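Quick notes on the structure that follows.
The values are calculated or read from the model by the stated rules, or taken from the named source; none is laboratory data. Remember, it's a predicted structure, so these values are computed and weren't measured experimentally. Don't worry about glycine lacking a Cβ; one is built from the backbone with ideal geometry, like all the others, and counts go over all protein chains shown. Ligands, DNA and RNA are excluded from the accessible area calculation, which covers all protein heavy atoms including side chains. Shrake-Rupley method; radii C 1.70, N 1.55, O 1.52, S 1.80 Å.
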Amino acid sequence: MRPILAFFSAYAVAMLFFNYDVSSQTTAKPETVVQTGSDVAFDYTLTDESGTVIDSSKGKQPMHYIHGQGQIIPGLEKELAGMAVGGEKKVTVKPEDGYGPINPQAFQEIPKEKLPADALKVGTMLMAQGPQGQGVPVRVHEIKENTVIMDFNHPLAGKTLSFGIKITDIKSAAK
């Protein structure tokens, strides 16, 4: 009787060790990686081509978005697919996958008197009202004698962007 108990005890220990070993080598479960419909949170640092920090979540709440809904720029969203919580990555996004190239049609000439006097400096950022009432950032591009050329391109249009990313949380896609 004892040899049988010893066999079952050894078998149980071997199975426990085998199960532990196998589970430690598996990859992340599909519901724990970024996929369409996932509610994703990530920390980031955004820099331009010269390495200047443009924005960062350091000291702030992580960025949240729903993957696959176009809530972040396409080049970044594509690179986050398949990442797991704790995953870190450096991502470079070209203008065509970010905020687009600079559009020459987005420059408009307006009368000087339409702007506040303190805004009459090249580089001044203002908020204009878009067609649906949303705020649209605009930049004073050039000042002429009676008019001002305003740049309605996104401030990051035409720029190659670099992101340092760390996934902090993923909630499964709604089923």
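Highest first, please rank the peptides 65-73, 124-132 by the mean number of other Cβ atoms sitting within 10 Å of their residues. Numbers along the way, then the final one.
On the way: 65-73: 15.2, 124-132: 10.6.
Descending mean neighbour count gives 65-73, 124-132.
Which percent of the accessible heavy-atom area of segment 37-89 goes to carbon and sulfur, probe 1.4 angstrom? Intermediate values should be presented prior to the final figure.
Details: 1450 of 2890 Å².
C and S fraction of accessible area: 50 percent.
Using a Förster radius of 30 Å, what is the FRET efficiency between ASP169 and GLU109 based on their Cβ-Cβ separation? Nearest 0.05, please.
Details: r = 47 Å, r/R0 = 1.56.
Plugging the Cβ-Cβ distance into 1/(1 + (r/R0)^6) gives 0.05.
Please report, in debye to the nearest 20, how large the charge dipole of segment 48-175 is about its Cα centre when each Lys and Arg carries +1 at its beta carbon and each Asp and Glu carries -1 there. If you can, show how the numbers build up before the last one.
On the way: 15 positive and 15 negative charges, 93 e Å.
Charge dipole, segment 48-175, about its Cα centre: 440 debye, nearest 20.
Subtract the Cα-Cα distance of SER56 and THR36 from 0.36 nm times their separation in residues, and report this length gain in nm to one decimal.
Numbers: separation 20, 0.36 × 20 = 7.20 nm, distance 2.46 nm.
That pair, SER56 and THR36, stretches by 4.7 nm at full extension.
Run the simple label-point estimate for GLN71 and THR160 please: 7 Å along Cα→C-beta, distance reported in nm.
If labels sit at GLN71 and THR160, their model points lie 3.0 nm apart.
Relative contact order for segment 36-175: what is it in percent, counting Cα pairs under 8 Å that are at least 6 residues apart? Mind showing how you got there, number by number?
Details: 275 pairs, mean separation 51.1, N = 140.
With pairs under 8 Å counted, the relative contact order is 37 percent.
Rank-order 83-93, 34-44 by packing density, defined as the average count of other C-beta atoms within 10 Å over each peptide's residues, highest first. Intermediate values should be presented prior to the final figure.
Values: 83-93: 15.1, 34-44: 18.6.
Highest to lowest by the protection proxy: 34-44, 83-93.
Restricting things to alpha carbons, find the Rg to Rh ratio for segment 91-175 using the Kirkwood radius for Rh.
Numbers: Rg = 17.5 Å, Rh = 15.3 Å.
When Rh is taken as the Kirkwood radius, the ratio is 1.14.
Using a Cα-Cα cut-off of under 14 Å, which aspartates and glutamates could be cross-linked to LYS121, ignoring same-chain neighbours fewer than 8 residues away?
GLU113, GLU142, GLU145, ASP151
Sum up the charges of everything whose Cβ sits under 11 Å from the Cβ of ILE54, counting Lys and Arg as +1 and Asp and Glu as -1, but leave ILE54 out.
Numbers: positive: LYS159; negative: ASP48, GLU49, ASP55.
Residues near ILE54 contribute -2 overall.
For segment 74-141, take the alpha-carbon Rg, divide it by the Kirkwood Rh, and send me Rg/Rh. Don't skip to the answer; put the middle values down first.
Numbers: Rg = 17.9 Å, Rh = 15.5 Å.
On the Cα set of segment 74-141, Rg over Rh gives 1.15.
With every protein chain left in place, what is the accessible area per residue of segment 47-175 in square angstrom, probe 1.4 Å? Walk me through the numbers before you get to the answer.
On the way: 8190 Å² over 129 residues.
Accessible surface, normalised per residue, equals 63 Å².
Over segment 26-175, what number does the Rg to Rh ratio reach, with both radii from the alpha-carbon atoms and Rh per Kirkwood?
Across segment 26-175, the Cα-based Rg/Rh ratio is 1.08.
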